[in-house]
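Everything below concerns the one structure shown next.
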Amino acid sequence: MTGFRIADTPTHYLYHEATATRARHGFFGAAGGVSTGVYASLNCGYGSQDDPALVAQNRGCVAAAMDLPAGRLAAAYQVHGTDVVIADKGAPADRSQLVRADGLVTTRRELGLTILTADCLPLLLVDDAGGVIGACHAGWRGAAAGIVGRTVDTMRAAGAGSITALIGPTIRRQSYQVGAEMRDEVLAQVAPGLRDNAATCFIDDAPGKLRFDLALLVSLQLHHADIAQIHDCEVDTYTGNRTGTPDSPDYFSHRRATHAADPDCGRQIAVISLPLSDV
């Protein structure tokens, strides 16, 4: 996790020290909240079957850790697509009123852009001049279809110059066995200029099965978008530690929950915001 640190706060999160002054950000795990059972404990997903009041408390803990009011967390109703929106205010209390999108961009200060995941890849982006930030939800479908490039393009249209990318906790290749049909679908969707390189994201495993590297696919797309500064925390959500200790945070994993036959799964949150004034 070169360059990443664990914040020594009641609600732990990962952050990258090189970009922390330009944009306050955190990749939160599963520990440090109030939910119980399969949602223990920092479940931030209103889309789960958890008690919404507990989810709201958890999101309040996250906002406090980011020095933001709870009402200053912007969000989208994530649909594994490629739509990107400009965020200018916090999310409505009614989740059904959220705009359907998988990318968020803003130039507003002290507005936290949030992404929810439980194996998909949370990507946080900051303009090196500290004036534009972005965040996107990159599951394999959205990543293949181009959500990464669309988010970068939207940032540049908003005035971003050079951009630094932060890849958060996600399911990693050693934990991500897929069928050949998924490889075919990914390669059919990626931009033609990326197809050959995207094929390297898959390695043969058992007969008819492969291991898929989602973080590599996102990295390839970032390079294709002319982003040179890419920092990957290299954390695997599937094998995340279940103790919640500060030096080994826990993470929600949809695949792990499915393998355990759990009835549902919580969602962790990633947040990025611009400070009130330049540091």
| request: Please verify whether segment 223-233 includes one or more residues that are in a helix (DSSP H, G or I) and either within 23 Å of A145 (Cα to Cα) or touching a Cys at 6+ places or on another chain (Cβ under 6 Å) (or both). | output: yes
| request: Return the residue satisfying two criteria in turn: it lies in segment 149-177 and is of a type in the set (A, V, I, L, M) and buried (at least 18 other Cβ atoms within 10 Å of the Cβ), and of such residues it is nearest to the chain's Cα centre (by Cα). | output: I167
| Does segment 191-215 hold any residues that are of a type in the set (A, V, I, L, M), part of a helix (DSSP H, G or I) and either out of contact with any strand residue (DSSP E or B) (no Cβ under 6 Å at 6 or more places or on another chain) or over 19 Å from R150 (Cα atoms) (or both), and which are they? | L194, A198, A199
| Within segment 45-59, is even one residue among the small types (G, A, S), surrounded by fewer than 19 Cβ atoms within 10 Å (Cβ to Cβ) and in contact (Cβ under 8 Å) with a residue 24 or more places away in the chain? | yes
| query | Among the candidates G26, G32, G45, which residue alone is within 22 Å of H254 (Cα to Cα) and modelled with pLDDT under 95? | reply | G32
| query | Of all residues in segment 92-110, which are crowded, with 22+ Cβ neighbours inside 10 Å and touching a residue at least 60 places away in the same chain (Cβ under 8 Å)? | reply | T106
| remark: Expected single match for over 27 Å from R267 (Cα atoms), at pLDDT 95 or above and surrounded by fewer than 22 Cβ atoms within 10 Å (Cβ to Cβ) among D204, D213 is D204
| said: Condition first: of a type outside the set (S, T, Y) and free of Cβ contacts under 8 Å to residues at least 12 places away in the same chain. Can you find one or more residues in segment 160-178 that meet it? | reply: no
| request: Considering only segment 251-279, state which residues are of a type in the set (A, V, I, L, M, F, W, C), in contact with a strand residue (DSSP E or B) (Cβ under 8 Å, 6 or more places away or on another chain) and exposed (fewer than 14 other Cβ atoms within 10 Å of the Cβ). | output: L276
| message | Could you check segment 191-221 and list, in sequence order, the residues that are within 17 Å of L121 (Cα to Cα), touching a helix residue (DSSP H, G or I) at 6+ places or on another chain (Cβ under 7 Å) and either free of Cβ contacts under 8 Å to residues at least 12 places away in the same chain or of a type in the set (A, V, I, L, M, F, W, C) (or both)? | response | A198, C201, F202, F212, L214, L217, V218, L220
| request: Would you be able to say whether some residue in segment 145-156 is touching a Ser or Thr at 6+ places or on another chain (Cβ under 9 Å), outside any strand (DSSP E or B) and among the acidic types (D, E)? | output: no
| remark: Here the residues within segment 12-23 that are surrounded by fewer than 21 Cβ atoms within 10 Å (Cβ to Cβ), closer than 30 Å to R95 by Cα and touching a residue at least 24 places away in the same chain (Cβ under 8 Å) are R22
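The values are calculated or read from the model by the stated rules, or taken from the named source; none is laboratory data. Note that the structure is predicted; figures quoted are calculated from it, not measured. Methodologically, a virtual Cβ is constructed for each residue, glycine included, from the backbone with ideal geometry; neighbour enumeration extends over all protein chains shown.
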